[in-house]
C-alpha cells in the first residue's frame, strides 16, 4: 500500500514540476497553475482501482471457458466515495509576496481576477458577506435631475468612495457602524462640486465623516437638465462577517531570498497535505457548505524555517480551519532560500463553490 501511494504522489506532482522546467522564472497565475491535490500526499489514499486493474491482467489461457460462461451478478460491496473526492483540497503554486503573475490578455486577466476574488471570499451554507456593507438609498433631488438615475450612479460610483473612508477605521473598531445623510451640489456636467453632512449622523467616527465629505467632491453622477441640482442621499455602513485587517505600514516586501515555487509546492503538499485534508473535513462537519481559497503569507528564515504564517488576500469563512492548516504548514521544513529571508504566499483551494 505504501508503494502504491508513492506512485500516486509522483504522478500528482508531475504537472507542477514539468511546468517549472518549461518556464523556471515564471510563477503562473492561479488559473494556469497545476494545483497539487492534498490527497496525493496522503499514504491512506485508497488503491482499489490500481489493485483491480492489476488483478484483471493476471488471467491466462486456461480461463477462456470461464470467461465465456454467463456473467454472475457481482456481490462485491460498493466502494464509498473517498472523502478527499467529496471535499477536495489543492495546493496552488506559491509565489513571492507582491509578485503574483497576471495574464497578459486584458479580458482573460479580468475574468481571472473576478474568479480569484470569488474564491478569496469563499462561502458556506449560511450567509457569508466578508466585506464591509455599504448601502446608499433614499435619494432626494431639488433641481432638474432624475432621482432614479442619481441613485443608480451614486451606488455605482460612490461605493468605493465610501468604502475607502470606512474600511481603514474598522481594524481599530470592528463594530463601527452607523448612518448619515450627505447633501451634494451637482453641476450641469454631472460632477459633485460640494458635499456636506446634514442632520445628526449615528456614525460617530469624525475622521470617516470628514473623509467621505472630502472624497465625494469630484465624483461623477448624472448630468442635469440645466443648472445645478441639490442631492441628498442616505448612507448606511456596517462591518462584514470577517474581521477587517489593518494595512501594514510600511508595506511588507517579499524579501531578498529566492526559492523554486514548484519545490515549495511539492514539499508543502507532501508535508502538510494529509493534515490539511483532515482540517478541512472537520471544518465541513462544523460549518456545512464550507469552501474557499486560503492564502497564507509565510515568513521563511534564511535557514528554511517557517516563522510567521498569517492569512493574506483571502477571507476564509472558518477561522478554526485556518488555524488548523496554519499549524500543519508551519511544521514543514523548506530549503534555505538563496539570498536571505523570503516571504512567500502559499495558496490552497478547499472544496468547490456552493
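The values are calculated or read from the model by the stated rules, or taken from the named source; none is laboratory data. As the structure is a prediction and not an experimental result, all values here were calculated from the model. Cβ coordinates were reconstructed from backbone atoms using ideal geometry, including for glycine residues, and neighbour counts include every protein chain displayed.
Close contacts from segment 306-319, counting a first residue that is assigned by TED's automatic domain parsing to the domain that holds residue 332 and touching a residue at least 24 places away in the same chain (Cβ under 8 Å) and a second that is surrounded by fewer than 23 Cβ atoms within 10 Å (Cβ to Cβ) and part of a loop (DSSP other than H, G, I, E, B), with Cβ to Cβ under 7 Å and a gap of 6+ residues or different chains, come to 306/332; 306/334; 315/130; 315/242; 317/124; 317/128; 317/287; 318/287. Got at least one residue in segment 327-341 being in contact with a strand residue (DSSP E or B) (Cβ under 8 Å, 6 or more places away or on another chain) and without any contact (Cβ under 8 Å) to a residue 60 or more places away in the chain? Yes, there is a match, as at least one residue in segment 327-341 is in contact with a strand residue (DSSP E or B) (Cβ under 8 Å, 6 or more places away or on another chain) and without any contact (Cβ under 8 Å) to a residue 60 or more places away in the chain.
If you check residue 243 against the conditions, is it loosely packed, with under 14 Cβ neighbours inside 10 Å and farther than 23 Å from residue 141 by Cα? Walk me through how you get there before you give the answer.
Details: loosely packed, with under 14 Cβ neighbours inside 10 Å: yes; farther than 23 Å from residue 141 by Cα: yes.
Spelling it out, residue 243 is indeed loosely packed, with under 14 Cβ neighbours inside 10 Å and farther than 23 Å from residue 141 by Cα.
Checked against the criterion of being without any contact (Cβ under 8 Å) to a residue 24 or more places away in the chain and assigned to a strand (DSSP E or B), segment 197-209 contains one or more residues that satisfy it.
So, in segment 277-300, of the ones that are touching a strand residue (DSSP E or B) at 6+ places or on another chain (Cβ under 6 Å) and not in a strand (DSSP E or B), which residue ends up nearest to residue 321 (Cα to Cα)? That would be 280. In summary, residue 91 fulfils each of the numbered conditions (1) farther than 30 Å from residue 189 by Cβ; (2) surrounded by fewer than 20 Cβ atoms within 10 Å (Cβ to Cβ) with the single exception of condition (2).
Is it true that some residue in segment 150-167 is in a loop (DSSP other than H, G, I, E, B) and crowded, with 18+ Cβ neighbours inside 10 Å? Checking segment 150-167: not a single residue is in a loop (DSSP other than H, G, I, E, B) and crowded, with 18+ Cβ neighbours inside 10 Å. Please tell me if residue 308 is at pLDDT below 95 and on the phi < 0 side of the Ramachandran plot. Taking the combined requirement at face value, the residue satisfies it.
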